[in-house]
Amino acid sequence: MLKDTNINVRVNSDIKNEAETILNKLGLNLSSAIDLYLAQIIKTRGIPFEVKLPNEENKEKVLQIGQIINSLGGAPTTPELNKIIELYAQNDISYDVAIYAIKEILNK
């Protein structure tokens, strides 16, 4: 496809440099990556990833699970625990499943 339009944007130099490093390892340049991003916007008819503010219900659920973890003796934050908290906050798993999973992790 013919590239016949320029886009001028201002971005944080650290973010740009880090992104370019990753893209180079993938065999892409920044221009090609932006082309891919714009193509995905067209394909998905929107931004191709979720962009939203956390709602109050999610914040309350995260606090609730945090209190339960503390009541069970507490635990250092781990990727496993964070994933369970995230899934529960987003209503992807039920309260009972979240508690069961937390207890399993804490009892390892």
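The values are calculated or read from the model by the stated rules, or taken from the named source; none is laboratory data. The shown structure was predicted, so the numbers you read here are calculated from the model rather than taken from an experiment. Ideal geometry is used to build each Cβ from the backbone, glycine not excepted, and the neighbour counts take in all protein chains shown.
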If a residue must be farther than 30 Å from Ile85 by Cβ, under 22 Å from the mean Cα position of the chain (by Cα) and touching a residue at least 12 places away in the same chain (Cβ under 8 Å), how many such residues does segment 1-34 contain?
4
Just to be sure I understand, how many residues within segment 83-99 are outside any helix (DSSP H, G or I), out of contact with any Leu (no Cβ under 6 Å at 6 or more places or on another chain) and of a type outside the set (Gly, Ala, Ser)?
3
All but one of (1) exposed (fewer than 12 other Cβ atoms within 10 Å of the Cβ); (2) touching a Leu at 6+ places or on another chain (Cβ under 7 Å) hold for Glu20; which doesn't?
(1)
Given the conditions (1) part of a loop (DSSP other than H, G, I, E, B); (2) in contact (Cβ under 8 Å) with a residue 12 or more places away in the chain, which single one is not true for Gly46?
(2)
Can you find even one residue in segment 45-52 that is surrounded by 12 or more Cβ atoms within 10 Å (Cβ to Cβ) and either within 30 Å of Ile7 (Cβ to Cβ) or outside the structural domain of Leu2 (by TED's automatic domain parsing) (or both)?
yes
Exactly one of these conditions fails for Thr77: (1) part of a helix (DSSP H, G or I); (2) under 18 Å from the mean Cα position of the chain (by Cα); (3) not assigned by TED's automatic domain parsing to the domain that holds Leu23. Give me its number.
(1)
